[in-house]
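In what follows, a single structure is set out as structure tokens and then discussed.
Each value in this text was obtained by applying a stated rule to the coordinates, not by laboratory testing. Predicted model, so just to flag it, every value in this text is computed and none were measured. Quick reminder, even Gly has a Cβ in these numbers, built from the backbone with ideal geometry, and neighbours come from all protein chains shown.
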Amino acid sequence: MSVSASEHKVALFLANGCETIEALTVADILYRAGIPCTKVSVNSTPVVVTSHNVTVVANTTVDHLDWDSFDMLVLPGGIPGTPNLKACAPLMEQVARFHRKGKMIAAICAAPSIFAQLGLLKGVRATCNPSVESILLDGGADLVRENAVTTGNIITSRAMGTAIPFALAIVEHYLGKEKADDLGRNILYYQ
């Protein structure tokens, strides 16, 4: 078990059909960094089946969440994971509330399209999977094609292949660039 290096807490949301690597990489990297990460199922049970038929048991469900105990909400992508996250009304309400309060929200792959559809990306530098770029553009985002982008209280990333830089951007936000870079070297992401 890792030693907590941060009092900040992250909620990672899992829906049936979410992208396996995007979800589990975030959980793993945050664990290594000592940032508490609660895996939250948007299903009625903690059991989630990812887009590649991997069964994950979350820590809790969205119905039992104490939203105010978290500092960041993280949405992995995947299809149909992204539409399944978007269909979760309590989650959408809280994403909008977190954004209004200046609290951190993060999304990878297709999930940044949710932020665009909620009107949260107008004039914001953001990235996403190429398959949903038009949704970000329609939502007024300043679309860039970088691995991970932090703009204000929003972190976005592109796809499964950018899951490590996405997770490291979260680490950098809470623990600083030096800690994120050290962790990147420790896992041989940076050599």
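Based on the alpha-carbon gyration tensor of region 8-111 and its eigenvalue square roots a ≥ b ≥ c, which shape applies: rounded if a/c is under 1.5, prolate if not and a/b is larger than b/c, or oblate?
rounded
Is the shape of region 131-178 best called rounded, prolate or oblate, per the rule: a/c under 1.5 gives rounded, else a/b larger than b/c gives prolate, else oblate, with a ≥ b ≥ c the square roots of the Cα gyration tensor eigenvalues? Walk me through the numbers on the way to the answer.
On the way: a/c = 3.22, a/b = 1.70, b/c = 1.90.
In terms of gyration-tensor shape, oblate.
List the trypsin sites (Lys or Arg not before Pro) within region 67-102 that DSSP assigns to loop and that have no more than 10 neighbouring Cβ atoms inside 10 Å. Before the final figure, lay out each step's value.
Values: sites: 86, 97, 100, 101; in loops: 101.
Here the trypsin sites (Lys or Arg not before Pro) that fit, given the DSSP loop and packing criteria, are 101.
Remind me, relative contact order of region 10-180 in percent, using alpha carbon pairs under 8 angstrom and six or more residues apart?
Details: 382 pairs, mean separation 35.2, N = 171.
Computed over region 10-180, the figure is 21 percent.
Quick check on my link table: of 9/39; 39/177; 9/179; 39/122; 9/177, which ones sit more than 21 Å apart, alpha carbon to alpha carbon?
On the way: 9/39 11 Å; 39/177 25 Å; 9/179 17 Å; 39/122 29 Å; 9/177 18 Å.
Listed pairs above 21 Å: 39/177; 39/122.
If packing is taken as the average number of other Cβ atoms within 10 Å across a peptide's residues, how do 120-131, 44-55 rank, most packed first? Working shown, then result.
Values: 120-131: 20.1, 44-55: 14.5.
Per-residue mean Cβ counts within 10 Å order the peptides as 120-131, 44-55.
Specify whether the C-alpha gyration tensor of region 1-69 places it in the rounded, prolate or oblate class, a ≥ b ≥ c being the square roots of the eigenvalues: rounded for a/c under 1.5, otherwise prolate if a/b is larger than b/c and oblate if not. Can you show the working numbers first?
Details: a/c = 2.56, a/b = 1.34, b/c = 1.91.
Note, shape of region 1-69 comes out oblate.
Out of region 5-76, which GluC sites (Glu not before Pro) are coil in DSSP terms and have no more than 13 other C-beta atoms within 10 Å? It would help to have the intermediate numbers written out before the result.
Values: sites: 7, 19, 22; in loops: 7, 19.
Sparse-neighbourhood loop GluC sites (Glu not before Pro): 7.
What are the ³J(HN,Hα) values, in whole Hz, obtained from phi via the Karplus relation 6.51 cos²θ - 1.76 cosθ + 1.60 with θ = phi - 60°, for each residue of region 128-138 in sequence order, with x given for Gly and Pro?
5, 5, x, 5, 10, 4, 4, 5, 5, 4, 4
Could you grab the relative contact order for region 74-131? Cα pairs under 8 Å, six or more apart, rounded to a whole percent. Spell out each step's value before the answer.
On the way: 50 pairs, mean separation 22.4, N = 58.
The normalised contact order for region 74-131 reaches 39 percent.
So which helices of the chain fit the span-like rule, where a helix is a whole DSSP H run, its Cα atoms reach 15 Å or more along the axis, and its mean Kyte-Doolittle is at least -1.0?
Details: long enough: 20-33 (20 Å, 0.86); 89-100 (17 Å, -0.38); 163-175 (18 Å, 1.49).
For the chain, where a helix must reach 15 Å along its axis and average at least -1.0, the hits are 20-33, 89-100, 163-175.
What is the local net charge at residue 139, summed over the other residues whose Cβ is closer than 11 Å to its Cβ (Lys, Arg +1; Asp, Glu -1)?
Once positives and negatives cancel, what remains is -2.
How big is the Cα convex hull of region 83-173 in projection, averaged over all directions, in nm²?
Details: hull surface 20.9 nm².
Averaged projected area of region 83-173's Cα convex hull equals 5.2 nm².
Can you run phi through the Karplus equation (6.51, -1.76, 1.60; θ = phi - 60°) for region 36-51 and list ³J(HN,Hα) in whole Hz, with x for Gly and Pro?
x, 10, 9, 7, 10, 7, 8, 7, 6, 10, x, 7, 10, 10, 6, 5
Using helices alone, I'd like the mean residue ellipticity at 222 nm for the chain: each DSSP H run of four-plus residues gives -39500 (n - 2.57), total over residue count, nearest 500. Kindly include the intermediate steps, with their values, before the conclusion.
Values: 7 runs with 67 residues, N = 191.
Calculated from helices alone, the mean residue ellipticity at 222 nm is -10000 deg cm²/dmol.
Which value results for Rg/Rh of the chain when Rg is the Cα radius of gyration and Rh the Kirkwood radius based on the inverse mean 1/r? Please report the intermediate quantities before stating the final value.
Working: Rg = 15.0 Å, Rh = 16.1 Å.
That ratio is 0.93, to two decimals.
Charges on Cβ only, +1 for Lys and Arg, -1 for Asp and Glu, centred on the Cα centroid of region 55-191; of 85, 118, 108, which one is farthest towards the dipole's positive end?
So the residue furthest toward the plus end is 118.
Rounded to the nearest 20 Debye, what is the dipole magnitude of the chain about its Cα centre when Lys and Arg each give +1 and Asp and Glu each give -1 at the C-beta? Let's see the in-between values first.
Values: 15 positive and 17 negative charges, 34 e Å.
That gives a dipole near 160 debye.
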